[in-house]
1. How many angstrom separate the Cα center of segment B:69-101 from the Cα center of segment B:226-260?
2. Between B:Pro160, B:Pro210, B:Pro260, find the one with the highest GNM mean-square fluctuation for chain B; connect C-alpha pairs within less than 10 Å.
3. For the residues C:Tyr374, A:Tyr21, B:Tyr73, C:Tyr131, what sequence is obtained by ranking on other C-beta atoms within 10 Å, fewest first?
4. Would you grab the residues whose amide H sits under 5 Å from the one on C:Ile241? Only those 5+ places off in sequence or on another chain, please, with H modelled 1.01 Å from N.
5. Would you mind computing the Rg to Rh ratio of segment B:51-266 from its alpha-carbon coordinates, Kirkwood style for Rh?
6. How large is the direction-averaged shadow of the alpha-carbon convex hull of segment A:73-198, in nm²?
7. So, counting K/R as plus one and D/E as minus one, what does the shell of residues with Cβ under 14 Å around C:Gly266 add up to?
8. Can you give me the C-alpha center-to-center distance between segment B:177-208 and segment A:101-125, rounded to a whole angstrom?
Amino acid sequence: MLNTSQLFPFLISGLAFGAVYAMSGTGLLVLYRTTGVLNFAFGAIGAMGANITWHLIEKTEWCPDWLAYVACVVVSAALTLLYGVVFAPRFANRDPLGKMLGTLAFALILLGLMFNLWRSQDARGFRLPTGTRRFEIFDARVTWTQVVAVLFALLVVGGVTIFLRATKIGTAMRAIANDREISSLLGVPVRRVETAAWLGSGVLCGIVGLLLVDLFGSLDMVLMTWFVIPSLAPVLIGQMRYLWVTFFAAFVIGVVEAELNASNWGWPSQYRKTTAYVFAVGALLWFARKRTIMISGRATR
Amino acid sequence: MTTVDAHSALAGEPVSTVPSRFGRRSITQAAIAAAVFLIAMFVLPALTSTFWVKNFTSAAILSIVAGATGLLYGRVGLVSLGQIALYGVGTWVTMRLGFATDWPYPVLVLIAGVITAVIGVLLGLPALRLQGLYLALVTLMAAAAFLVILADTKFPTGGPGFKGLVVEVTNSDSMRRPDVAETDFGFYRYVLVVAVIMFGLALAHLVSKPGRAWASIRHSEAAALATGVNTTTYKLWAWGLASFMTGIAGGLLAAHVRSPSTFTFGVEQNIILMAVVVMGGVATLWGGVVAGLLVAVLPELLQKWGFSSEWSLILFGTGLFANLLITSWQLDKAGIKE
Amino acid sequence: MRFRRLMALGAAAALVVAACGGDDDDATTETEAPAGTDAPADTDAPADTEAPADTEAPADTEAPADTEAPSDTEAPAGDSDPSLQRNADGESICGLGNGEEATGEPILAGAVMTSIPGIDFTDISDLASAYFDCVNANGGIYGHPVELIVENDELDPQKASAAAVKLIESDGVVAMVASTSILDCPVNGPYYEEQGFYAIVAGVPAECFGLPNMAAVNMGPHYSALGAAQAVIRAGAEGKIVAVTNTAPGSEYNSTGVEALAAQEGLDYEAVFYETPISDADTIILDIVSKAGEGGGVTLTFTPPEMIKLMVAAENQGVIDDVIWGSATPANDSSVAAAVGPDWDGKLLINAEFQPTDFDGPDTRLYNEVSAEYAPDSPVSSFGQMGFLTGRIFVSALLSMGEGAEYTPEAVNEAIVGITKFESDIFCKPWYYGDLPLHVPNNWDITVVPDSAGGRMVPFEDCFEIAALDQPLIDTRAAEQELGLGAFAD
């Protein structure tokens, strides 16, 4: 039945995995809050950047590791910016679903390109400097990358919350995400602010991509691309609005998933990967029980 | 702002969406459809090899799923990113019953369709209050959960118990085909007939009361409610119909491949399906046919021309993208905002 | 918009035309009238009308490849039997080894491969093709070049079946060589038997080792995991052994060999399955270690990308020394050795179906040369060895038919099934085909371990026989002894 001696290490590893969800989830939500677009290509862009990093580390002699990491962030930012500046404005008159479909198309294209450029069947990966250093908490082992992931997610949530509320440009971003046309009429420098939002999100994307390769243990571009799907679970629980709820929901999901593994209950642990989805669907249905919730053209504040 | 309905503009059709039943236009359409059907049925197989006939069979089966998805999206305004999971349910039920009983194949497929329809309605029920992006994401999540379960359950191979899996792999069995359609060519024609029946069923809905109700719901749910349309019933009906069609398609797949594999039902397949459905066009049921051809035939052609299979991903992404760009431009021109 | 719809339908029409046109006319096309298909109901058109998809196809036919031998043939180097593919110094050569470009009618072979993201066996067919390229640059088969036509089944049973039909009936291949697919053996086995084809494969599922007309150059995950378990037990695993693999269809078979061994050795056993791609490797590793117990044994059967996730997690969690780790052959890949840290050196007992790629032997040397020259993008690995071997075995069979032979499917497959002793330093024991109810010709393996500094796998245990615990292997050993095959060959 319940293997209590295992509960604690699984708790720690569950929290560590929750950090993965937290980073991806908050990254997605931040972009949504600042641009009104749910970027389904979030994972694919990060994977593309990570592939470039791997290539620079493994296939070139001249590139120092730190530069390769920077390259990941630069490439991710560039790709995100490309989409955000060139294509996203053309979808400005569509509902959030339509906007998301555009990013979905982008993800498919990126994934196809990555498969053509790199071999997915080889064992490929890299460890960040923080990945090889670890420490023990009460008999459980944690790498510094996992700590960085938690702190990073925390920083992003805290920083973005303050940014959106307290700064002028943050307010401008919220306005544009809400209604681009009216914001422009009101004198918000839409193009500039949008560019900043996409750029920031792109940087976020790159950093998350780097961390994910270390946290997953290998550069798995299929996993990284489609990981956006379970990552949406904490975002939906946060009703695509509340960054802190998203943050905490991510950890709850991570821990429950890990504990289901620890339980040795047999069949529930086989289905532990449904945890995120069950939570998300459950939460949404709960929120919708009394009223229709919908996302109109306006991203909620 | 014009009075053109946004979705209609997307679909590229004028506002009044429901055609009259027996006008001259619909007779022409019927004639064209009949011609296409006859050519596909009798001319096409004679001109090509077993290899391509199998691919066209896949295309026909997938066109049913795509047609159902397109109907939900284009006609009722309901986005389902989870049809592949229901497709898998249809396949699974058909196989389980096929091994457990001696019932004739059409009965198996029909039961699979009904069970899938029930599941679809049950899932549609709580989702009634969700719209747009939320609905899309919920269907995606639900599908992902289903597919985790499917990866564990796998497809029956003739064994006992609920899962129906055999212990010794070498003893595993494969799905039988109907007696009238044992061969690949025969089964191709069988599938074509079933596809036509399914599209006919969908069309019958579209030209009658449900179709009108759906059109008004898609236009504006609030307005529909105001005019006395029972939106709940009709939305559930739409889920039911689409799930039924998808379940039937799943049953056809079971006999087509005979030993389905869980790899055919990945979460990404839902995404690809949506991409080709949009590319094929959600305005008409023909879009489903185009989508089916895209997803079943295009990758094979690419391989034939020396491109790796990954290129189909790039093409689907680009096609979806192009489609979205064009429709966005149209919306812009019409001065519409969704 | 009419335009967009017309474009979509035009695209559809183009797809259909492209599919039909340019196809070989199918001599064996079934054209019987559909029996008993009911007259279809009214085919009401959908609401809006467009130009219908034009489905007329131009009848575009090509004659099947002519397989007569050309009039001029090259004398092989040396006096030895050319089918041995050795020169006078005993070094391995490609085919006839005469450095002359083969320009006659090609001999076509077919392969059905699984190639989807994450499960991609194309290294195997790439090396088989590379070997054929080398042979073609060295006189071919008495002037005939050999070509491999590869079809990807994309892990779709329908496509696997269609691929086999296309290769044999449309493309006119005379043999199936180097197929490596999760579906080919189960889906197409009966079809190949019907057509009289004896396939030389790199096998994955059980059927590849359970049919009369399939013979694999490798062991397959079932026997490979069993071999790993043998190594793990020899290394001192106690109490319990846990067999871990993915949830792919048929994956239970990966672990049943380990189960049988555990039963024989009196150890507890548990089979665990994890869905891939793995995202939470830490949790999984903790789970595996807790199930195996301190000092227990673990066998892993995963592809290289998944393996390093687990190995990195084990390193992070510091549990490498808690259990004895073994792995089936997929991990025998230099990319795995290069990707893990020194903590794993000597600690993962990988069952290798072949000698290491830097073994000192003529075939291994030739393999490395062929790989470098004709398949530079494929890494040197056991997959490469498999491809090389299937190609070399096929060429050996063709050469054994002698000069001026008719390369028909019947004759070629007769030559294939007639192979009773194919020697190679890559194998532990001579390989064979033979007219047997099933084939497990490669049933002696070695154990290798990672060497992270060198970025490669190094030998740990020399050739040992896989425990004969299931009927197929028991029968195989009996047949080998009786007929003088494999380990019992003289």
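We did not get these values from a lab; they are worked out from the coordinates using the rules stated. Computed from a prediction, not measured in an experiment: that's the story for all the values here. Ideal geometry is used to build each Cβ from the backbone, glycine not excepted, and the neighbour counts take in all protein chains shown.
1. With segment B:69-101 and segment B:226-260 each reduced to a Cα centre, they are spaced 6 Å.
2. Maximum fluctuation in the GNM of chain B, among the listed residues, is at B:Pro160.
3. Taking fewest neighbouring Cβ atoms as first place, the list is C:Tyr374, B:Tyr73, A:Tyr21, C:Tyr131.
4. C:Asp268, C:Tyr269, C:Glu270, C:Gly297
5. Rg divided by Rh gives 1.00.
6. 11.3 nm²
7. Here the charged neighbours net out to -3.
8. Answer, in whole Å: 36.
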